[in-house]
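The block underneath contains the structure these notes are about, expressed in structure tokens.
Coordinate-derived values only; no laboratory data. Remember, it's a predicted structure, so these values are computed and weren't measured experimentally. Positions of Cβ are backbone-derived with ideal geometry, glycine not excepted, and every protein chain shown enters the neighbour counts.
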Amino acid sequence: MSFSDKLVLWLHIGFAIFTIGPVTLAISSTPRYIRRRNVPVLRYLTRITTIFTVGSLLVLVFGIVLGQLDHDYSKAWLTAAATLFVVAIALLVLIVRDQRRAIRALAPGAADGSGDTRARGTASAGGPAGYSGESGPGDASAGGMAQPVGDGATLVADIASVERGRIAAMGGVVNLIWLVILVLMVWQP
């Protein structure tokens, strides 16, 4: 193995350790802080997830370069590992989206700084957008009557709970993908 091969291997391993570890920790911690409604920590975890997801692309880049240097792309385990890595990145993008949705649900008005919550689906009175408690004859909702979904706190808790579950599920799948890739890298069938 030449010096350049060893350098690319070390960069591949180094980026794997220093990017996949933090992103795994951040997505595993997010559901806990959604449950606690700790928005500042959620913003921090979202920033960590975003930064280290982008950084983990270098793991894929150095893995592809290493595969080309060693002419290993004819081996199925390398193609499978690269494909699984792309799937994990796609799931991480969805996790970042869900983290941002949870933050918007828990901190209305904080996302755009305007304080106008009607644009995001809740009126200031606590009902859905456009709900004023009265319905006119031209109201197209069920039977001409506007139906409130629930109070604002219940709606926020429901949205945050859905996002928490989605993040936990997708995070578990991403962590399982990392383990499968690790097994493929170590045992190289």
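Values as computed for the structure displayed
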quantity	calculated
Rounded to whole Hz, the Karplus (6.51, -1.76, 1.60) HN-Hα couplings of the stretch 66-82, x for glycine and proline	4, x, 6, 5, 8, 6, 9, 5, 7, 8, 5, 5, 6, 5, 5, 5, 5
Label-to-label distance, nm, for residues given as residue 2 and residue 71 (7 Å Cα→Cβ offset)	1.3 nm
Residue order, fewest to most surrounding Cβ atoms within 10 angstrom, among 156, 23, 180	180, 156, 23
Gain in span if fully extended, residue 28 to residue 94, counting 0.36 nm per residue against the direct Cα distance	22.3 nm
Phi-based couplings in Hz for the stretch 34-51 (Karplus 6.51, -1.76, 1.60; Gly and Pro marked x)	5, 4, 7, 6, 9, 5, x, 5, 4, 4, 5, 5, 5, 5, 4, 4, 5, 5
Potential lengthening between residue 86 and residue 179 on full extension [0.36 nm per residue; Cα-Cα distance subtracted]	32.0 nm
Stretchable slack from residue 51 to residue 161, in nm (0.36 nm times residue separation minus alpha-carbon distance)	37.1 nm
